[in-house]
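**Q** Here it is: the structure, laid out below.
The values are calculated or read from the model by the stated rules, or taken from the named source; none is laboratory data. Note that the structure is a prediction, hence the values are computed from the model and not measured. Neighbour counts run over all protein chains shown; Cβ positions are idealised from the backbone, glycine included.
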């Protein structure tokens, strides 16, 4: 009887040890998974380089600065039988920025939460006239001449050409570079990067 009782005691003791070991193992695994989950919650997932390049390229043209200019354009067509003259006040809009579609895989280098990205040099993306504010203020045609319907179109083309030259001299490309750097850096911060280096080629 004592021997049978002793056997039951050893059996219960062994079962208790197994249960304790099982609970201990579950606690260790659960703690490891919990710690890993907390660590993952605080660390942003950084996109792989090809994915990040596609994300940047999807922005296409990044217009980082817009200038509004006013130009007075005088167009004259003098002939021996009379002059045609047109005076226009042209309100132009010039936009400059970076063509992000030209960003290639080799332009982006990622190491953990550090990124180095090389962008194309800013360029003037668009120049056009604000039709609502552009107007002809004076038009004259010689007595012996017919109305020249192309004179106004010539004035508009000259206005756009002059505005292109004016904005280049005004430093629009430098402003576009500084603002593009700020805007792209903001995008990369949102993507989880903490150290960002932006250069232009």
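**Q** Please pick out the residue among 185, 155, 166 that is out of contact with any helix residue (DSSP H, G or I) (no Cβ under 6 Å at 6 or more places or on another chain), outside any strand (DSSP E or B) and more than 24 Å from residue 73 (Cβ to Cβ).
**A** Going through 185, 155, 166 in turn, just one is out of contact with any helix residue (DSSP H, G or I) (no Cβ under 6 Å at 6 or more places or on another chain), outside any strand (DSSP E or B) and more than 24 Å from residue 73 (Cβ to Cβ): 185.
**Q** Continuing with the same structure: Please verify whether region 102-110 includes one or more residues that are farther than 23 Å from residue 180 by Cα and at pLDDT below 90.
**A** No, region 102-110 has no match at all.
**Q** Right, another one. Surrounded by fewer than 17 Cβ atoms within 10 Å (Cβ to Cβ) and either under 30 Å from residue 77 (Cβ atoms) or under 20 Å from the mean Cα position of the chain (by Cα) (or both): does that describe residue 134?
**A** no
**Q** If I ask for residues that are more than 22 Å from residue 54 (Cβ to Cβ) and either touching a strand residue (DSSP E or B) at 6+ places or on another chain (Cβ under 9 Å) or not in a helix (DSSP H, G or I) (or both), which ones from region 169-181 would you list?
**A** Once the filter is applied, which keeps residues that are more than 22 Å from residue 54 (Cβ to Cβ) and either touching a strand residue (DSSP E or B) at 6+ places or on another chain (Cβ under 9 Å) or not in a helix (DSSP H, G or I) (or both), region 169-181 yields 170, 171, 172, 173, 175, 176, 177, 178, 179.
**Q** State which residue is modelled with the highest pLDDT when the search covers only region 188-201 and only residues that are part of a loop (DSSP other than H, G, I, E, B) and surrounded by 13 or more Cβ atoms within 10 Å (Cβ to Cβ).
**A** Among those residues, the one meeting the criterion is 193.
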